[in-house]
Each structure stands twice: as C-alpha cells, then as structure tokens.
Amino acid sequence: MKTQQFIYRNVYWSTSEGVTSNMAIVLHSTPLLWIRLAALIFSCVAFSVAVHGGRLYHGTGDWCIFCWAFSFAGTVLVLLVELFGLQTRAPVSWKNFPITFACYAALLCLSASIIFPLYYLKGSMGQSQVRDYRIVSTVFSCLATIAYMTEVSISKARPGEVAGYMATAPGLLKVCETFVACIIFVFISDPVLYDRHDALKYCMSVYCICFILSAAVILLCVGECTGCLPFPFARFLSAYALLAVLLYLSATIVWPIFNFDPKHGGNKQRPSSCGNTQGLCVWDKLMAVAVLTAVNLILYLADLIYSARLVFVSA
C-alpha cells in the first residue's frame, strides 16, 4: 500500500530571544498509524467505562485501570512524538522504544482481559447495568490487546532488515520474560508463598535475579548504552541466557516439589474451598507460579537459541 503524506498545518512560536521557530506537523497515513489510533481508542474506552460504571471494589480493579491507562498514555506519547517529528530529540532510542512499549501494552491489556472478568464477571448474576459496563470494558480490553499485538507484528524486524535489538525476536522475548516475572511476583507476594521453606526462597531469588538482568538489558537497549559495556554485548546475552535457563530449570523442578508433594507439606489436590473463592485461592496461585515458571523457562530457552546464533553469526 502506497504511503501518503499529509501536512496539516504549521505551528509557530516565539523564543525568549524573539526568534520565531517553525515546526511542520507531518502525519504519514500508514497501517501502523491506524493500528495505534485503534489501540488508543480501545484502551481509552476500556478504562473510561470501568471507572464510570464498573463499581470496582477490589485491588485487582486498580491494576486493570493501570493497564489500560498506561497503555493509553504511552500511545498518546508515541503518536505526539511522531506527529511533531521529535524522534531524534527523544532521550531514548526510537528504534527500540515504540515496539518495546507496544509489547508491554499488549501484555498488560492481555492480563487485564483475563483478570478483570475473573474478578468482576465470574459468578455475577443478572443483567444489571453494572454488569453491562464490565462486559463492555472486557470487550474493549480484548480489542486493545489485539491492536497492540498487531502493532508489534507490524513493527518487528523482518529478515535482512536493519532494526533495533528490541524489534528482533530476542528483544521481544526479553519483554515477555520480564512481564511473566512481574506476574509471578504478584502471585507469590499476596499472600507470601515463599517463606515456608528455604528452597522456595531460592526460587524467589531466581525470579529476582533473572528479572533484574532482563530489565537491565532492555534499559541498555532503549537507552542506547550497549556500547558502554566493557565486554561484547552479544556474548553477554548468550552467557546470561544460559545462566537464566539453568536457574529457571532448577526453579521449575523445586517449586512444584515443595508445594505439591505431601512429603514436603504440599497438597496435590485442589481444596474444595477454592470453588467458593473469588478470583484465585492460594492453591491456584501456587499452581499459577509453577506454570509461569515453566513458561519463562521456555522463553529463556528460546532466547538462548537466538542469542547463541547471534554470537555465531558475529563470529
């Protein structure tokens, strides 16, 4: 599809020295623009309707509102920077920031699309107006998730294309790894699930170490500081991915043993009381952490494969 360029108007302002400056507002009509506008509208409707008539009374409601509002605000920022052509003046790498944000927004909206109906629609009876508001928020949250995923798909690097690290598969995997770790932290800390045994504290340390290193890699790439490292960045990624795979492999084994094995005080069967609990009970959260640990192991394994290939190609 041929890209069309529209210049809407010129903006003039006066500086303190009395010199008049001129900035052209340029908007490129591309599929990426329309996807971002759709994501902007969907996320705005999701949190506006929830705040207006959703009657959110649980702490998870605040999380969902944050997910939608954060995604909306970040999309506004990206659109304004590109509208005024300020990419070169931004304090971050514009090759890495938009797709990194879009990936996080997709994951945030996805989590809200799962958590919101789980706490506010599950077991809700009748066709009240409040329920209708909650259904609308859920639908638009799902639409926002699809829009952000589409943006990531459009923005990611293609074979042979020069792009920022965060637009590549390893970069997007880093985003997913940190997000999954954040969800694990939410489940594992309310109530605290890791203080019953030293082995569980070890698992918590694994989640923290890998999260900090992955977040550091993302910040280095978005801030374009990888060249400041005293060692080759590609080799660091490979060594770190290998370490993370080994750590998560051990956590994938240790966490279920000390939570579901009766010999270590665990419980294999889901308690009957969990059926009457709103949202997730403690046993559900233990199982969720076990599943998410395995998911992150797979993500780090894929990251290791990509990072190893990067080292071999560089060599």
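Every number in this text was worked out from the coordinates using simple rules, so none of it is lab data. Note that the structure is a prediction, hence the values are computed from the model and not measured. Glycine gets a Cβ as well: all are built from the backbone with ideal geometry, and neighbour counts include every protein chain shown.
For this structure, a couple of remarks:
- Nearest 10 degrees, 0 to 90: helix 198-222 Cα axis against the chain principal axis: 10 degrees
- Report note on the peptides 29-35, 263-269, 140-146: ranked by the mean count of other C-beta atoms within 10 Å, highest first, their order is 140-146, 29-35, 263-269.
- Ratio Rg/Rh [Cα only; Rh per Kirkwood] for segment 39-123: 1.07
- Exposed GluC sites (Glu not before Pro) absent: longest stretch of the chain, with sites in DSSP loops and at most 14 other Cβ within 10 Å deemed exposed: 162-315
- Helix 169-189 and the longest principal axis of the Cα set of the chain meet at an angle near 50°.
- Compactness check for segment 86-203: Cα Rg over 2.2 N^0.38 Å is 1.39.
- Answer label for Cα extents along the principal axes in Å (calculated), chosen among (1) 71, 45, 31; (2) 70, 49, 35; (3) 76, 62, 42: (3)
- Each peptide in 47-54, 67-74 was scored by the mean count of other Cβ atoms within 10 Å over its residues; highest first, the order is 67-74, 47-54.
- Helix 233-260 axis, angle to the chain major axis (alpha carbon atoms, nearest 10°): 30 degrees
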